[in-house]
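J.: Below: one structure in structure tokens.
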Amino acid sequence: MQPRDLSSHAAYEAGRGIEEVARELGLDPDSLVKLASNENPLGPSPAAVEAIRENAGRVHTYPKASHADLTAALAEQWELSPSQVWLANGGDGALDYLSRATLDPGDWVLVPEPGFAYYGMSARYHHGEVSTYRVSKDENFAQTAEGVLEGYDGERIVYLTSPHNPTGSEIDLTEVEKLAERTTEETLVVVDEAYGEFSEGPSAVELVETRDDVAVLRTFSKAYGLAGLRLGYALVPEAWADAYARVNTPFAASEIACRAGLAALADTEHVRESIETARSARQHMYERLEAPTWQSAGNFVLAEVGDATAVAEGLRRRGVIVRDCTSFGLPECIRITCGTEEETRRAITECNELLREAAE
Ligand SMILES: *Cc1c(COP(=O)(O)O)cnc(C)c1O
């Protein structure tokens, strides 16, 4: 007896964790700098940590009140009704809900190339098919309605990532609106704002308020520093409200996740500091890295370094873990997460040394 044919499903490979790399290199984990997964270098909000401690004794009950409270808090923040907030087990879980609510077997989704792998994975899990549009290096990864429409052929979901992972580019709201106008009534435009807090631009949530064909994805994994908790959500059109109850895994966001999420949401100072740290790290990388970089609206910077696999490996041996973008189809680029000032400085120094050595 075997599982169904999964040969078209790419296995997700998470970046290697600090302990794993430390063990392999025989180094102290504390001496390593991990800037590979766009995690928050400041850690979680202390208020969230406190909430996790305080609520540990309550995990024998299903998270009914906390789930409702967090949904209500998010609805208030975004000025939507609670039924438009779909809490999930990470942003990835919210992508699954959108797939479940939208795709019939054989339906198509349109995803950016290069782009976030889970859009396509989720579609395939739900018996969907995947086509791509280019976010082109020749155009500095600019995102426009026109560019997306070149790849569009009536797909049920069109994914936009703004700020875009791994390039850091953004798409203007006017372009999102133009795209939603030009796609058919049966197409949902999903704007993935996993890095939205780091951007200076407005959220596409204003289009969720006014239209029935735009949804927004948000997560607590990045600016809120709660990647390990798995908490994210989709903001969906009003007309979609009752679909959540029909597709969600019961209590997909745990008691601890909801309580920590509520505390993190209230800790605006931690988010502000996280954003400030990322902005300053981005600036350092643009200015000091001896490699071409692209302006990024996220908490990471894409840099062109030649042989990305060799550079990422060389950096790893020097104790700095970055993301080799070969699997994104950018074999000449690495993506460096914004660290603390010290971590970022170390990454820049090691990278520059390595590049100079390679040039000799
Ligand atoms: C990190 C990320 C997400 C969501 O991650 P979760 O940890 O599942 O919330 C979604 N989209 C992009 C582009 C990301 O980089």
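The values are calculated or read from the model by the stated rules, or taken from the named source; none is laboratory data. Here the structure is a predicted model, which is why all the values come from computation and not from measurement. Cβ atoms come from the backbone with ideal geometry, glycine included; neighbour counts cover every protein chain shown. The accessibility values were calculated without ligands, DNA or RNA, using every heavy atom of the protein model including side chains. Shrake-Rupley method; radii C 1.70, N 1.55, O 1.52, S 1.80 Å.
J.: Would you be able to say whether some residue in region 296-306 is away from the ligand (no atom under 16 Å from the Cβ), surrounded by fewer than 23 Cβ atoms within 10 Å (Cβ to Cβ) and within 19 Å of Thr337 (Cα to Cα)?
T.: Yes: region 296-306 contains one or more residues that are away from the ligand (no atom under 16 Å from the Cβ), surrounded by fewer than 23 Cβ atoms within 10 Å (Cβ to Cβ) and within 19 Å of Thr337 (Cα to Cα).
J.: Does region 70-79 contain at least one residue that is among the hydroxyl-bearing types (Ser, Thr, Tyr) and closer than 24 Å to Gly147 by Cα?
T.: No; the residues of region 70-79 include none that is among the hydroxyl-bearing types (Ser, Thr, Tyr) and closer than 24 Å to Gly147 by Cα.
J.: Among the residues of region 153-189, count how many are over 21 Å from the mean Cα position of the chain (by Cα) and of a type in the set (Asp, Glu).
T.: The total comes to 6.
J.: So, one more: Look through Ala75, Ala94, Ala68 and report the one residue that is open to solvent by less than 40 Å² (accessible area, probe 1.4 Å) and farther than 24 Å from Gly120 by Cα.
T.: Exactly one of Ala75, Ala94, Ala68 is open to solvent by less than 40 Å² (accessible area, probe 1.4 Å) and farther than 24 Å from Gly120 by Cα, namely Ala75.
J.: So, one more: For residues that are of a type in the set (A, V, I, L, M), closer than 30 Å to Cys351 by Cα and outside any strand (DSSP E or B), tally how many sit in region 31-54.
T.: 3
J.: Let me confirm something: among Val208, Val189, Val216, which residue is in the same structural domain as Val236 (by TED's automatic domain parsing), within 12 Å of the ligand (Cβ to nearest atom) and either part of a helix (DSSP H, G or I) or surrounded by 20 or more Cβ atoms within 10 Å (Cβ to Cβ) (or both)?
T.: So the residue among Val208, Val189, Val216 that is in the same structural domain as Val236 (by TED's automatic domain parsing), within 12 Å of the ligand (Cβ to nearest atom) and either part of a helix (DSSP H, G or I) or surrounded by 20 or more Cβ atoms within 10 Å (Cβ to Cβ) (or both) is Val216.
J.: From the set of residues in region 12-30 that are part of a loop (DSSP other than H, G, I, E, B) and surrounded by 10 or more Cβ atoms within 10 Å (Cβ to Cβ), which is modelled with the lowest pLDDT?
T.: Gly15
J.: Still on this structure, I have one more. Among the listed residues Ala264, Ala227, Ala252, identify the single one that is open to solvent by less than 10 Å² (accessible area, probe 1.4 Å) and within 14 Å of the ligand (Cβ to nearest atom).
T.: Ala264
J.: Need at least 3 residues that are in contact with a strand residue (DSSP E or B) (Cβ under 6 Å, 6 or more places away or on another chain) per element, so show me which helices (runs of 4 or more DSSP H) inside region 61-163 make the cut, counting only ones lying wholly within it.
T.: It comes to 64-78, 90-102, 118-125.
J.: Would region 241-249 turn up any residue that is away from the ligand (no atom under 16 Å from the Cβ) and either modelled with pLDDT of 95 or more or not in a helix (DSSP H, G or I) (or both)?
T.: yes
J.: Can I ask one more? Only residues that are farther than 19 Å from Glu197 by Cβ, crowded, with 18+ Cβ neighbours inside 10 Å and more than 16 Å from the ligand (Cβ to nearest atom): list them for region 78-91, please.
T.: Residue satisfying the conditions is Gln84 alone.
J.: Looking at Ala72, Ala11, Ala36, which one is under 30 Å from Thr167 (Cα atoms) and free of Cβ contacts under 8 Å to residues at least 40 places away in the same chain?
T.: Just one listed residue meets the conditions, Ala11.
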